[in-house]
Ligand code: SF4
Ligand code: SF4
């Protein structure tokens, strides 16, 4: 019974004299190699050379800070629930008095980890987040030698104050419109003492 149309009948015939010299095979192989010398290269010299990326490319995550530098994440866990790869884990803690400039909400993520080996960069965590705290960026995740190095903690995920990351292109029109709505405390700036009414970010 023939199970596939791609099967080939194997020949057991004796090698001819020219075949036993391997010359035709070598010449054929070299001609293929030579023909590639004159073709356009299919590879780039990464990381010196980068391929153009699509505007919708989703790479390494960032946990955003607000304008005054407070972490936006409130450890609600919605990103972890939305994640189809179960790549996100976190542990929450309560903000103490005097930490208002560090954490935007009364609850914050003491530990926040993403397993980059599990992540499929679908962006569902970004969509699920009600605090605009997590975004995917166009940064390619670094290669590592050890598996545990792919577990990214807050040290790698939280945005650095000295290297802010622009995510405006990833914010949908709906989110931008939502931020303009009056009366929503959700996006009001904290000025160190109280919510700064009217000023949004
Ligand atoms: S991008 Fe997708 S797979 Fe990766 S952490 Fe977010 S929800 Fe999970
Ligand atoms: S990143 Fe957003 S969705 Fe995830 S725990 Fe923080 S606030 Fe919640």
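What the table shows:
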item: Test: residue in region 76-92 that is more than 16 Å from ligand 1 (Cβ to nearest atom), touching a strand residue (DSSP E or B) at 6+ places or on another chain (Cβ under 9 Å) and either assigned to a loop (DSSP other than H, G, I, E, B) or under 24 Å from residue 150 (Cα atoms) (or both); result: yes
item: Residue match in region 12-19 (condition: farther than 30 Å from residue 131 by Cβ, touching a helix residue (DSSP H, G or I) at 6+ places or on another chain (Cβ under 7 Å) and away from ligand 2 (no atom under 16 Å from the Cβ)); result: yes
item: Residue match in region 132-145 (condition: at pLDDT 95 or above, loosely packed, with under 14 Cβ neighbours inside 10 Å and near ligand 2 (Cβ under 9 Å from one of its atoms)); result: no
item: Of all residues making up region 1-25, the number that are surrounded by 10 or more Cβ atoms within 10 Å (Cβ to Cβ) and either in contact with a strand residue (DSSP E or B) (Cβ under 6 Å, 6 or more places away or on another chain) or in a helix (DSSP H, G or I) (or both); result: 6
item: Region 100-131, residues that are outside any loop (DSSP other than H, G, I, E, B), within 9 Å of ligand 2 (Cβ to nearest atom) and modelled with pLDDT under 95; result: 126, 128
item: Verdict on residue 136 being within 15 Å of ligand 1 (Cβ to nearest atom) and more than 23 Å from residue 166 (Cβ to Cβ); result: no
item: Evaluation of residue 186 against (1) modelled with pLDDT of 60 or more; (2) surrounded by 10 or more Cβ atoms within 10 Å (Cβ to Cβ); (3) out of contact with any helix residue (DSSP H, G or I) (no Cβ under 7 Å at 6 or more places or on another chain) (one fails), failing number; result: (1)
item: Neighbours by Cβ (under 6 Å, 6+ apart or cross-chain): first from region 40-55, under 23 Å from residue 167 (Cβ atoms); second modelled with pLDDT of 85 or more and in a loop (DSSP other than H, G, I, E, B); result: 51/44; 53/138
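The values are calculated or read from the model by the stated rules, or taken from the named source; none is laboratory data. All values derive from a computational prediction rather than experimental measurement. In this analysis, Cβ positions are derived from the backbone assuming ideal geometry, glycine residues included, and neighbour counts consider all displayed protein chains.
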